[in-house]
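Step one of this worksheet: look at the structure below.
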Amino acid sequence: MDGLTRRWRPTFTLDVAAVLGPLRRGAADPAYQVGPDGALWLTANTTTGPATLRLSRDDEVLATAWGEGADELLAGVPELLGAGDDDSGFESHHELIAQTRRRMPGLRLGATGRVWDVLLPAILEQKVTGHEARRSWRDLCRGYGLPAPGPAPAGMRVPPTPRALLAITDWQWHRAGVDGARRRTLLNAAASAHALTSTARLRLIPGIGVWTAAEVAQRAWGDPDAVSVGDFHIPSVVGWALLGRPLDDEGMLEVLAPYAPQRQRAVRYIEASGFRRPRFAPRYSARDYRAM
């Protein structure tokens, strides 16, 4: 099946995989896959319907899209790949960040422009391990999302729409490993999905706090200052990377203060640097809500 195509030549250094990395929810993500030829495949819900996007790169970015929302996805390719990102005022205050910035000049902050597709997995990640969240994400996409339009890699699905989530029964939620608290938040968000156009509106939804709102702002709007306060790992990673010791949220915000209004950009450089904090204890044990 032929898709719609668009060629786009960025005016800046661009690392497509690095920019899109935060959108991927594990190696088996049904909505994000890397093809055998290295092309990146994404699925999305747009205002006009489901769609699939394939991105490859030579001198230009070649974007091909299928589905009812193909035109919308192609129109959003520059923003998705960081064309709207402005890092001109960013100054590195720590050597690790300075080194990463020099080593990865193509790392930018992209913006999908689509709140629901990034809000759903963010809610699933609330107060559980990454393993649990990714498993539920896969189960929900495969069970209640549409097949990816076009010749996408086998098994790719479009994330479930708000309407699809509202139709899921209690036992189906249980089978997907989603506990009652996250289930209620998802249903509240699905019922108001059309109005989720800003961080302030997101915070009006019961169950959506500063962490979830920041996770969405980073991906949907490319917010360079939206730090994920309340994250189980990030304060410690920031502390060990920049100071050689763990930090809590307050300490993290203090050390990131010189980077405002681009604190999330600093965190992104730390994450992309490959730095790993020391481990002194067993990992947090995953719970299987399906067995409860």
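Sorted by mean Cβ packing within 10 Å, highest first, what order do the peptides 87-93, 231-237 take?
Values: 87-93: 11.9, 231-237: 17.9.
Highest to lowest by the protection proxy: 231-237, 87-93.
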Q: With unit charges on the beta carbon (Lys/Arg positive, Asp/Glu negative), name the residue among Q262, A122, A220 whose Cα is farthest towards the positive pole of the charge dipole of the chain.
A: A122
Q. Which value, in Å², gives the accessible area per residue of segment 155-275 when a 1.4 Å probe is used on the protein heavy atoms?
A. 44
Q) Which ³J(HN,Hα) values in Hz, rounded to whole numbers, follow from the phi angles of segment 181-196 under the Karplus curve 6.51 cos²θ - 1.76 cosθ + 1.60, where θ = phi - 60° and Gly and Pro get x? A) 5, 5, 4, 5, 5, 4, 5, 4, 5, 5, 5, 10, 4, 5, 9, 8
Q. Quick one: which of 166-174, 20-28 comes out on top by average Cβ neighbours within 10 Å, and what's the full order, highest first?
A. 20-28, 166-174
Q: Can you send over the carbon and sulfur percentage of the accessible area for the chain, probe radius 1.4 Å, protein chains only?
A: 52
(Q) Restricting to bridges with both residues inside the chain, how much of the DSSP beta-bridge set is antiparallel, in percent to the nearest 5? (A) 100
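List the relative contact order of segment 143-236 as a percent without decimals, with contacts defined as Cα pairs under 8 Å and 6+ residues apart.
On the way: 76 pairs, mean separation 15.5, N = 94.
16 percent.
The values are calculated or read from the model by the stated rules, or taken from the named source; none is laboratory data. Just so it is clear, the model here is predicted, and its values are computed rather than measured. Don't worry about glycine lacking a Cβ; one is built from the backbone with ideal geometry, like all the others, and counts go over all protein chains shown. What goes into the accessible areas is simple: the full protein's heavy atoms, side chains included, and nothing from ligands, DNA or RNA. Shrake-Rupley method; radii C 1.70, N 1.55, O 1.52, S 1.80 Å.
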